[in-house]
Amino acid sequence: MIETHCHLTFPPLCDDLAGVLDRGAAAGVQRIVVPAYDPPSWRQVQDIAAAHPGVVFPALGLHPWVADQSFDIDDLAGHLRDCKAVAVGEIGLDGMIDTPLMPVQIAVFEKQLELARDLDLPVILHCRGAFAEMAEILERFSPRLQGVLHAFTRSPELARRFLRLGLHLGIGGAVTRPRATRTRETVAAVPLEKILLETDAPSIGLDGVDPLAAEPRHVRDVALAIAALRGIDLEDVATTTTASAERLFGLGGPR
Ligand SMILES: [Zn+2]
């Protein structure tokens with residue numbers, strides 16, 4: 001299976017990287033996409049990916065939370081090429097924070113969408129409280145732009161709007177929570193080919209797992225929850241989501 005969103009640069013994951021990767025592999029999670037979020041983390045993520053070829057794949061972008069930081073789009077383009085990044089991300093919009101202001105976030109977001117389109121790379125999208133704004137912007141880039149809306153927990157209706165724009169949905173720990181009815185309804189309703197597995201560790205936990213204890217190995221629990229909801233085998237979820245992630249991010253076969 002492929003963990004499509006994990007912040008291996010954050011503690012406690014970065015303090016025990018070898019253990020995290022070993023436990024992931026033992027649980028059937030052999031490959032991990034690691035998004036960076038600001039210029040200092042671009043370098044960190046590239047270093048981790050270079051040290052674990054074929055296992056850790058870098059994505060680089062400027063996160064909406066730091067969209068007011070000075071950043072050079074040509075510098076980002078150079079880094080993306082240098083490390084053969086598999087995506088531009090994570091990037092997006094966050095309407096639940098006061099700063100950076102939404103117009104600032106939108107300007108930085110659009111610049112990076114243009115870059116992704118020019119470099120023919122997919123995007124890894126963060127969105128909270130700004131789904132209408134995001135959909136409107138993405139409509140202008142559709143159908144050339146591909147990507148994943150990560151940590152998706154919203155309704156089947158909203159999911160379909162983004163699927164029509166050519167996006168995948170990143171499904172994580174929320175689906176393991178019995179009370180997450182909206183997320184579970186969406187996961188049961190959308191085409192399996194449009195689902196990617198993720199944890200967003202160490203930012204999001206699972207049912208009974210604290211965010212700081214979450215690791216790529218928990219992708220297996222996410223896959224098990226999806227399988228149970230759809231009445232299919234874990235193997236089917238693993239095969240289909242792995243093929244989708246390989247296609248989207250241009251990853252080769254397993255090691
Ligand atoms: Zn993230």
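A short reminder: the numbers here are calculations on the coordinates, not readings from a lab. In this text, all values refer to a predicted model and were calculated from it rather than measured experimentally. Cβ placement follows ideal geometry from the backbone for every residue including glycine, while neighbour counts extend to all protein chains displayed.
Which one of the conditions (1) charged (D, E, K, R); (2) crowded, with 18+ Cβ neighbours inside 10 Å; (3) more than 16 Å from the ligand (Cβ to nearest atom) does Glu90 fail to meet, given that it meets all the rest?
So the condition that Glu90 fails would be (3).
I'd like the residue in region 3-48 that is more than 16 Å from the ligand (Cβ to nearest atom) and buried (at least 24 other Cβ atoms within 10 Å of the Cβ) and, out of all such residues, is nearest to the chain's Cα centre (by Cα).
Arg31
Looking only at region 101-112, decide whether some residue is closer than 27 Å to Arg128 by Cα, within 16 Å of the ligand (Cβ to nearest atom), assigned to a loop (DSSP other than H, G, I, E, B) and touching a strand residue (DSSP E or B) at 6+ places or on another chain (Cβ under 6 Å).
For region 101-112, residues closer than 27 Å to Arg128 by Cα, within 16 Å of the ligand (Cβ to nearest atom), assigned to a loop (DSSP other than H, G, I, E, B) and touching a strand residue (DSSP E or B) at 6+ places or on another chain (Cβ under 6 Å): absent.
Going by what's in this entry, would Asp75 be described as more than 14 Å from the ligand (Cβ to nearest atom), part of a helix (DSSP H, G or I), of a type outside the set (S, T, N, Q) and loosely packed, with under 13 Cβ neighbours inside 10 Å?
yes
Condition first: out of contact with any strand residue (DSSP E or B) (no Cβ under 8 Å at 6 or more places or on another chain), crowded, with 23+ Cβ neighbours inside 10 Å and under 27 Å from His63 (Cα atoms). Now tell me which residues in region 201-234 satisfy that.
Of everything in region 201-234, those that are out of contact with any strand residue (DSSP E or B) (no Cβ under 8 Å at 6 or more places or on another chain), crowded, with 23+ Cβ neighbours inside 10 Å and under 27 Å from His63 (Cα atoms) turn out to be Ala201, Glu215.
Table: residues versus (1) more than 20 Å from Val34 (Cα to Cα); (2) assigned to a strand (DSSP E or B); (3) free of Cβ contacts under 8 Å to residues at least 24 places away in the same chain; (4) touching a helix residue (DSSP H, G or I) at 6+ places or on another chain (Cβ under 9 Å).
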| position | (1), (2), (3), (4) |
| --- | --- |
| Leu196 | no, yes, no, yes |
| Ala201 | no, no, no, yes |
| His218 | no, no, no, yes |
| Asp221 | no, no, no, yes |
| Ala225 | yes, no, no, yes |
| Val237 | yes, no, no, yes |
| Thr241 | no, no, no, yes |
| Ser244 | no, no, no, yes |
| Leu251 | no, no, no, yes |
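Residue-by-condition table, conditions (1) surrounded by fewer than 19 Cβ atoms within 10 Å (Cβ to Cβ); (2) free of Cβ contacts under 8 Å to residues at least 60 places away in the same chain:
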{"site": "Thr99", "(1), (2)": "yes, yes"}
{"site": "Val108", "(1), (2)": "no, yes"}
{"site": "Arg144", "(1), (2)": "yes, yes"}
{"site": "Val148", "(1), (2)": "no, no"}
{"site": "Leu163", "(1), (2)": "yes, yes"}
